[in-house]
1. Return the whole-Å distance between the Cα centroid of region 147-176 and the Cα centroid of region 5-33.
2. Below 8 Å, C-alpha to C-alpha, sequence gap of six or more: please give me the relative contact order for region 150-215 in percent.
3. Provide, in order from the shortest bin, the percent of all Cα-Cα pairs of region 161-232 in each 5 Å bin, continuing until the bin that contains the maximum pair distance.
Amino acid sequence: MLAGLIAGLFAFAVAYVAGEPSVDASIAVEESGAAAEHAASHGSAAPPAAGGEATGHEAGGHEEEIVSRDLQSTAGLATGVLVYGVALGGIASLAFCFVLGRVGRFGPRATAALVAAAAFTTVTLVPYLKYPATPPAVGNPDTIGQRTSLYFLMILLSVLLGIAAVVAGRRLAPRLGNWNATVVAGAGFVAAVAVACVFLPGNGDSVQPGFPAAVLWEFRLASLGVQAALWAAFALAFGPLAERLLAPPAVARTADPDQDPARAPAPVA
């Protein structure tokens, strides 16, 4: 969990620097659209009232936002990412304890790197290929529940298929060898994921028509980058900590001859 907290700090930095500009741009698109709809419904094309752009709620005549955008992009973002990192760190440590010594003769650092890479692939990358992230207030609000369910279903399928690939690789290793078994298991995983992507429904209404493609692309790259930074930082932080606990360094011999029998002077006859 400590490694997850450290990883969360790195992920927050990436999210704030690379992700927040695209989120702001997405909100600006939403506000301009809401303002245009409000003006059209009242038969006027006048801009929002003085004092800045109106939010979607303000343009529509509803209540103002409860939490300011500045607070959302700083303390709110940090809280969410850090809690997310701590939770994933705890779950990944359980997976590390199960995998250590059971999948090849890897040390704690290499095992931590393998667990982080597998988690990034199955939990983030594979679902991302089918259901990529979208900025807030971009898709059809009536299908949020359905799209969320499909996304978590894709995560579940990806994790189960990843576990099945590891089990298949271990069983094939005595007959095919470690390398060939790994290649066959990996190819089976890719094929199964491709079949799942074909048969699962798409998210055609996740992005409204006319939304700027550049903003959408920047947000999706930033979202993937945040996850990559999170898991890379977790592997780099968790590996040395686990190695320190599992394989503590030998106690150095003291230079005091009185406490080191090997260096003590020979007795006088």
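1. The distance from the Cα centre of region 147-176 to that of region 5-33 comes to 31 Å.
2. 27 percent
3. 3, 14, 13, 11, 16, 17, 10, 8, 5, 3, 1, 0
Read-outs: derived from the displayed coordinates by stated rules, not from any lab. Computed from a predicted structure; not experimentally measured.
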